[in-house]
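Participant: Here it is, the structure, as structure tokens.
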Amino acid sequence: MTQVTGKPSRLMVKSVLIYDERSDARRALTAVMRTLPTVVDVACVSDPAGLIMSYAAHRADLVLIGIQHPRPAGVEAVKRLLARYPAAAVIVFGTGDDGPSLSRAIACGADGLMMWDPDQSGVVMRMRSLAIPRFGSTGRPVVSNDRPTERELQILRGMSQGHSNREIGRDLFVSEDTVKAHARRLFHRLGARDRAHAVALGLRSGLVA
């Protein structure tokens, strides 16, 4: 499998750069990062200009960018950083309410997302298993060679438009339980944890526009 230059299939994180406008979020995530056994350096910034300057100076192994929906700053930070440094390993983080903006950040080039959890142990557990996704020769992430069926793609498109399972079932003339069954198979094919993650992966891979 061809790899994109500068984007490793797995990432050994020794240095972390955190961008978020909220001081409490920066403090909390810094505390989490310092518990990881490989991390030796954590830096924080609160504005896009500081993000670019700090990354230029230190080239952190991992950049964590906070996303708040509908505030545009986080998504713009992703765009600006990756426009200048396309090899940067970027993970965006937010809550379930930030799903639309998280999806846009993935479409802009972020490598993955982390759902923010006030329970820090949950965040640590996710971060310890974090891996930058593999990329094919097109530059798009390769999750599985098993392409979703047309019905699964229809459901993914409905999810990307913010429709509920019931609304998707009504549009496709199938039951809500049928939608849920197709969604479970779709998540398995994509390697997605939930709806927001599936939509984000679909945007990155070109399965949905």
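Participant: Can you tell me how many residues within segment 30-47 are within 19 Å of His58 (Cα to Cα) and assigned to a helix (DSSP H, G or I)?
Facilitator: So the answer is 2.
Participant: I'd like to know if segment 146-169 contains one or more residues that are under 30 Å from Pro37 (Cα atoms), of a type in the set (Lys, Arg) and at pLDDT below 90.
Facilitator: no
Participant: Closer than 30 Å to Met159 by Cβ and among the charged types (D, E, K, R): is that true of Asp111 in this structure?
Facilitator: Against the criterion (closer than 30 Å to Met159 by Cβ and among the charged types (D, E, K, R)), Asp111 qualifies.
Participant: Taking interchain pairs and intrachain pairs at least six residues apart, which have beta carbon atoms under 6 angstrom, with the first residue in segment 41-52 and in the same structural domain as Ala28 (by TED's automatic domain parsing) and among the charged types (D, E, K, R) and the second in a strand (DSSP E or B) and surrounded by fewer than 20 Cβ atoms within 10 Å (Cβ to Cβ)?
Facilitator: What qualifies is Asp41/Ser15.
Participant: Let me ask another. Out of segment 161-184, which residues are within 20 Å of the chain's Cα centre (by Cα) and either over 26 Å from Ile67 (Cα atoms) or without any contact (Cβ under 8 Å) to a residue 24 or more places away in the chain (or both)? If you could, list the steps in order and put the result at the bottom.
Facilitator: Filtering segment 161-184 down to residues within 20 Å of the chain's Cα centre (by Cα) leaves 161-162, 183-184.
Correct list: Gln161, Arg184.
Participant: Can you tell me how many residues within segment 71-99 are closer than 21 Å to Asp194 by Cβ and buried (at least 16 other Cβ atoms within 10 Å of the Cβ)?
Facilitator: Residues flagged as closer than 21 Å to Asp194 by Cβ and buried (at least 16 other Cβ atoms within 10 Å of the Cβ) within segment 71-99 amount to 10.
Participant: Read through the list (1) buried (at least 20 other Cβ atoms within 10 Å of the Cβ); (2) closer than 17 Å to Leu201 by Cα; (3) of a type outside the set (Lys, Arg), then give the number of the only condition that Ile18 fails.
Facilitator: If we test Ile18 against (1) buried (at least 20 other Cβ atoms within 10 Å of the Cβ); (2) closer than 17 Å to Leu201 by Cα; (3) of a type outside the set (Lys, Arg), just (2) comes out false.
Participant: So if I check each of Leu186, Leu190, Leu172, Leu153, which one is buried (at least 17 other Cβ atoms within 10 Å of the Cβ), among the hydrophobic types (A, V, I, L, M, F, W, C) and over 18 Å from Ile106 (Cα atoms)?
Facilitator: Residue meeting the stated conditions: Leu186.
The values are calculated or read from the model by the stated rules, or taken from the named source; none is laboratory data. All of these numbers come straight from a predicted model, not from anything done at the bench. FYI the Cβ positions are ideal-geometry reconstructions off the backbone, even for glycines, and counts take in every protein chain you see.
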